[in-house]
Amino acid sequence: MSAAFGERARAGIAARGPLCVGIDPHESLLGSWGLPADAAGVREFGLRAVDAAADRVAFVKPQVSFFERFGSAGYAALEDVLAAARAAGILVIADAKRGDIGTTMDAYAAAWLTPGAPLEADALTVNPYLGVGALDGASALAREHGKGLFVLATTSNREAEGLQRSTDESGRTVAAGVIAEVSSRNARDVQGDAWGSAGFVIGATVDWSDAAISAFTPPAPILAPGFGAQGAQPADLRARFGAMSGCVIASESRSVLVAGPDRLASAVQARVEQYQEALHG
């Protein structure tokens, strides 16, 4: 079995920094890259993004929807991108946000987290709002195969605030409850100072005080969308995440992808250096 995902993510951040390159082939980006808006276009886009990320960052995050819209051909393209990234030694986070109950959720987990599966990734984004317990089968499969989950906790879109920041009878927000439940499961699975393998999605533009969330134990990776085009910058990382800043995987897509295929590698490298300066400068 592979090493636990939490420790692999920790090692990736230590070796290459927190930047995660989002692979989001928006139709406008395909056009600016000179690629067709079809399965062949998203495949080429994804493979070029992987080439630019290789040996520069520890993580890539393909957004599944941009491939799924082309049906079976789009999924075939995604399979090629996932395989290329993993072959390059990059940790792949499949951004599919799966969430269901019972055997249905278990089947989603099997599709994305089983070694040798066509869609195999290193981690999967999942939705806990059918109950954190509904993810237990997926967590068990991930643990068995050294894979990870990123559980949606508090996201940066305004539409989610009413749900995620609503409170229970004790005054705890729903988001804080999700973090507490997942953290308690992580605590059963880790020893010493190891990181948990069930991480969290926490938007980089989220005010932790407003969301009533706080630092958690054991440590676990935080997938943080919202850097780059959505407003947060590398220099903001420590201020926004405080004591948890060393756990952050900073996801950027459009902000680097707009550089185009010929300049993408240099744009990624420049961003890597900005994050390293923010953390260690």
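The values are calculated or read from the model by the stated rules, or taken from the named source; none is laboratory data. Just so it is clear, the model here is predicted, and its values are computed rather than measured. Using ideal geometry, Cβ is built from the backbone for each residue, glycine included, and neighbour counts are taken over all protein chains shown.
Here are the numbers for this structure:
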{"quantity": "Any chance Ala140 is in a helix (DSSP H, G or I), at pLDDT below 95, more than 23 Å from Ala14 (Cβ to Cβ) and of a type in the set (A, V, I, L, M)", "calculated": "no"}
{"quantity": "Leading residue by the ranking (farthest from Gly199 (Cα to Cα)) among those in region 158-176 that are in a helix (DSSP H, G or I) and touching a strand residue (DSSP E or B) at 6+ places or on another chain (Cβ under 7 Å)", "calculated": "Gln164"}
{"quantity": "So Ala49, is it part of a helix (DSSP H, G or I) and closer than 23 Å to Leu29 by Cβ", "calculated": "yes"}
{"quantity": "Subset of region 214-231 [on the phi < 0 side of the Ramachandran plot and in contact with a strand residue (DSSP E or B) (Cβ under 6 Å, 6 or more places away or on another chain)]", "calculated": "Ala220, Pro221, Ile222, Leu223, Ala224, Pro225, Phe227"}
{"quantity": "Leading residue by the ranking (nearest to His26 (Cα to Cα)) among those in region 220-246 that are in contact (Cβ under 8 Å) with a residue 60 or more places away in the chain and more than 15 Å from the chain's Cα centre (by Cα)", "calculated": "Gln230"}
{"quantity": "Candidate set: region 59-76, residues that are under 29 Å from Ala11 (Cα atoms) and among the aliphatic types (A, V, I, L, M); chosen: the one surrounded by the fewest Cβ atoms within 10 Å (Cβ to Cβ)", "calculated": "Val64"}
{"quantity": "Where a residue in region 1-24 is closer than 15 Å to Met244 by Cα and its partner, wherever it lies, is in a helix (DSSP H, G or I), with Cβ under 6 Å and at least six apart", "calculated": "Gly17/Val272; Gly17/Tyr275; Gly17/Gln276; Pro18/Tyr275"}
{"quantity": "Pairs where the first residue, in region 205-217, is outside any loop (DSSP other than H, G, I, E, B) and the second is surrounded by 12 or more Cβ atoms within 10 Å (Cβ to Cβ), C-beta under 6 Å, 6+ apart", "calculated": "Ala211/Thr154; Ala211/Arg165; Ala211/Ala175"}
{"quantity": "Residues being of a type in the set (Gly, Ala, Ser), part of a helix (DSSP H, G or I) and in contact (Cβ under 8 Å) with a residue 24 or more places away in the chain - total across region 247-266", "calculated": "2"}
{"quantity": "Residue count for region 59-97, restricted to those that are closer than 25 Å to Ser197 by Cβ, free of Cβ contacts under 8 Å to residues at least 60 places away in the same chain and not in a helix (DSSP H, G or I)", "calculated": "10"}
{"quantity": "Search result, residues across region 25-58 that are buried (at least 21 other Cβ atoms within 10 Å of the Cβ) and under 27 Å from Ser197 (Cα atoms)", "calculated": "Gly46, Ala49, Val50, Ala52, Ala53, Val57, Ala58"}
